[in-house]
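**Student:** The structure is given below, and queries will be raised subsequently.
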Amino acid sequence: MSCPRVGHINFLNVLPLSWSYAHGSDKGLILTRGVPAVLNNDIVNHRLDVSNVSSIIYARDSDELVILPDVCISTDGAVQSIILVSRKPIEDIKDDKIILTAKSATSHCLLKIILRSAYGAIPNYYIRHVTPENPIPDDAAASLLIGDDALWLYHHQQPELYYYDLGAEWKKLTGKKMVYALWVANKNFASEQPEMLQLVYDRIRHAFTQGLQHKKAAIESVIKDKPFTYAQLDEYLGPTIRWNLTDDYIDGLKTFYELAHKMNLIEHIPELKLAAVKR
């Protein structure tokens, strides 16, 4: 029986898991590292068995996927790493040109929901590569950045620009918590290889526990190569980022899907089907 193929997002928001994988928790797994957009594509095209993916991907492919319980990437308010940077106040954005990162899908939907529902804006969106050092192209009014680029932007704000944390904006709009990413498995893999699915689930849960127990070591392992201070990453990796898919986060996820469906960003509101694993 071959080793399970597991996707892993190359962002700091899963540093506890990354640290554990680097210290033996990846044994017996074939890891594929990449940005969310790449892993999203790989899981729906059966190039991976299990992966963390943008939460909107589950809604679009729920017939082919099941959710691993208890794990996610989420916040209760500000996220620091999904940032809209704008030349004008957010309430003044109407039909302006906004550049979207090519790295994620959930953030696209989240921004569209917030701008339409909270501010009545229907901008023109374009996907293009942008950098945190030069975040807004000359022909655009605003840009959306995610991940480590957005986290850098959060800590290096220019006084002439406006910055909006989409986690904070979501909380202001709905009062709910926000789930940005889920761990999912291909339904066929889950049904045909339940022992392997259990192995992957146990590894991920244990790896998060181990990584959080060694949070200081995990941060110190990357700090020399990252443009952040220890204090910035210590705050970001809990209390800011959360990883437990509890009932209140599931409630926020359902609200996200309901609003996405209302705006025709997904075809249907999916049933949340959890993988049959021992917890």
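Values in this text are rule-based calculations from the coordinates and carry no lab data. Bear in mind the structure is a predicted one, so any value in this text is a computation, not a measurement. Here Cβ is always computed from backbone atoms with ideal geometry, including for glycine, and neighbour counts include all displayed protein chains.
**Student:** Quickly estimate the mean residue ellipticity at 222 nm for the chain, helices only: each DSSP H run with n ≥ 4 gives -39500 (n - 2.57), and the total goes over all residues, rounded to 500. Could you put the intermediate results ahead of the total?
**Tutor:** Numbers: 11 runs with 109 residues, N = 279.
After summing the helix terms and dividing by residue count, I get -11500 deg cm²/dmol.
**Student:** Then there's this: Sticking with the crude label model, points 7 Å out along Cα→Cβ, report the distance from Ile30 to His46 in nm, one decimal please.
**Tutor:** So the two model labels end up 1.4 nm from each other.
**Student:** Beyond a 22 Å Cα-Cα separation, which of these cross-linked pairs lie in this structure: Lys97/Lys172; Lys176/Lys215; Lys112/Lys226; Lys94/Lys172; Lys103/Lys215; Lys177/Lys215?
**Tutor:** On the way: Lys97/Lys172 24 Å; Lys176/Lys215 27 Å; Lys112/Lys226 30 Å; Lys94/Lys172 20 Å; Lys103/Lys215 26 Å; Lys177/Lys215 24 Å.
Over 22 Å Cα-Cα: Lys97/Lys172; Lys176/Lys215; Lys112/Lys226; Lys103/Lys215; Lys177/Lys215.
**Student:** Related question: Just rank Met196, Met263, Met178, fewest to most, by other beta-carbon atoms within 10 angstrom. Walk me through the numbers before you get to the answer.
**Tutor:** Values: Met196 20, Met263 12, Met178 28.
By the 10 Å Cβ count, ascending, the order reads Met263, Met196, Met178.
**Student:** Which value, in debye to the nearest 20, describes the size of the charge dipole of the chain about its Cα centre when Lys and Arg Cβ atoms bear +1, Asp and Glu Cβ atoms bear -1, and nothing else is charged?
**Tutor:** On the way: 30 positive and 33 negative charges, 63 e Å.
Rounded to the nearest 20 debye, it is 300 debye.
**Student:** Here is a follow-up. Straight-line reach only, C-alpha to C-alpha below 13 angstrom: list the aspartates and glutamates that Lys254 could link to, leaving out same-chain residues fewer than 8 apart.
**Tutor:** Straight-distance partners of Lys254: Glu271.
**Student:** Counting only Cα atoms, I'd like the Rg/Rh figure for the chain, Kirkwood definition for Rh.
**Tutor:** Working: Rg = 18.3 Å, Rh = 19.1 Å.
On the Cα set of the chain, Rg over Rh gives 0.96.
**Student:** Show the residues, 5+ positions off or on another chain, whose built amide H is closer than 5 Å to the amide H of Lys97.
**Tutor:** The answer is Asn124, Ala141.
**Student:** Given 0.36 nm per residue, what is the gain on full extension from Glu271 to Glu195 after removing their alpha carbon distance, in nm?
**Tutor:** Values: separation 76, 0.36 × 76 = 27.36 nm, distance 2.42 nm.
Value of the extension gain: 24.9 nm.
**Student:** Could you tell me the ratio Rg/Rh of region 154-277? Both radii from Cα atoms, Rh via Kirkwood.
**Tutor:** Numbers: Rg = 18.2 Å, Rh = 17.7 Å.
My calculation puts Rg/Rh at 1.03.
**Student:** Once the piece of chain linking His155 and Asp247 is laid out straight, how much longer is it, given 0.36 nm per residue of separation minus the C-alpha distance between them?
**Tutor:** Stretched out fully, the His155 to Asp247 stretch lengthens by 30.0 nm.
**Student:** In percent, how large is the relative contact order of the chain, given Cα pairs closer than 8 Å and 6 or more residues apart? Spell out each step's value before the answer.
**Tutor:** On the way: 513 pairs, mean separation 84.0, N = 279.
Reported relative contact order: 30 percent.
**Student:** Moving on to the next point. Evaluate the charge dipole of region 1-61 about its Cα centre and quote only its size in Debye, nearest 20, assuming +1 on the Cβ of each Lys and Arg and -1 on the Cβ of each Asp and Glu. Each step should come with its number before you reach the end.
**Tutor:** Values: 5 positive and 4 negative charges, 12 e Å.
With only Lys, Arg, Asp and Glu charged at Cβ, the dipole is about 60 debye.
**Student:** Tell me, what ³J(HN,Hα) does each residue in region 118-130 have, in order and in whole Hz, if you take phi through Karplus 6.51 cos²θ - 1.76 cosθ + 1.60 with θ = phi - 60° and put x for Gly and Pro?
**Tutor:** 8, 10, x, 9, 10, x, 9, 9, 9, 8, 7, 6, 10
**Student:** Taking every DSSP beta bridge that has both residues in region 1-149, what percent is antiparallel when rounded to the nearest 5? Walk me through the intermediate numbers first.
**Tutor:** On the way: 6 of 20 bridges.
Among the beta bridges of region 1-149, antiparallel pairing accounts for roughly 30 percent.
**Student:** If you count, for each residue, the other Cβ atoms within 10 Å and average over each peptide, how do 234-246, 62-74 line up from highest to lowest?
**Tutor:** Numbers: 234-246: 17.1, 62-74: 20.6.
Going by the mean number of other Cβ atoms within 10 Å, highest first, we get 62-74, 234-246.
**Student:** Now, a different point. Let me test this: with uniform point scatterers at the alpha carbons of region 82-172, what is the Debye-based log₁₀ I(q)/I(0) at q = 0.16, 0.17, 0.26 1/Å?
**Tutor:** Taking Cα atoms of region 82-172 as identical point scatterers yields -0.54, -0.62, -1.66.
**Student:** Could you check the spin-label model distance between Asp234 and Asn188? Points 7 Å from the Cα along Cα→Cβ, value in nm.
**Tutor:** Each label point is offset 7 Å from its Cα along the Cβ direction, giving 4.8 nm.
**Student:** Starting from the Cα-Cα distance between Asp92 and Glu220, subtract it from 0.36 nm times their residue separation and give me the gain in nm to one decimal.
**Tutor:** 41.9 nm
**Student:** Taking a spot 7 Å from the Cα of Lys262 along the direction of its beta carbon, which residues of region 104-134 have an amide N less than 15 Å from it?
**Tutor:** Answer for this model: 110-121.
**Student:** For a label point 7 Å from the Cα of Tyr163 along Cα→C-beta, name the residues of region 70-87 whose backbone N is under 17 Å from it.
**Tutor:** Backbone N within reach: 78-87.
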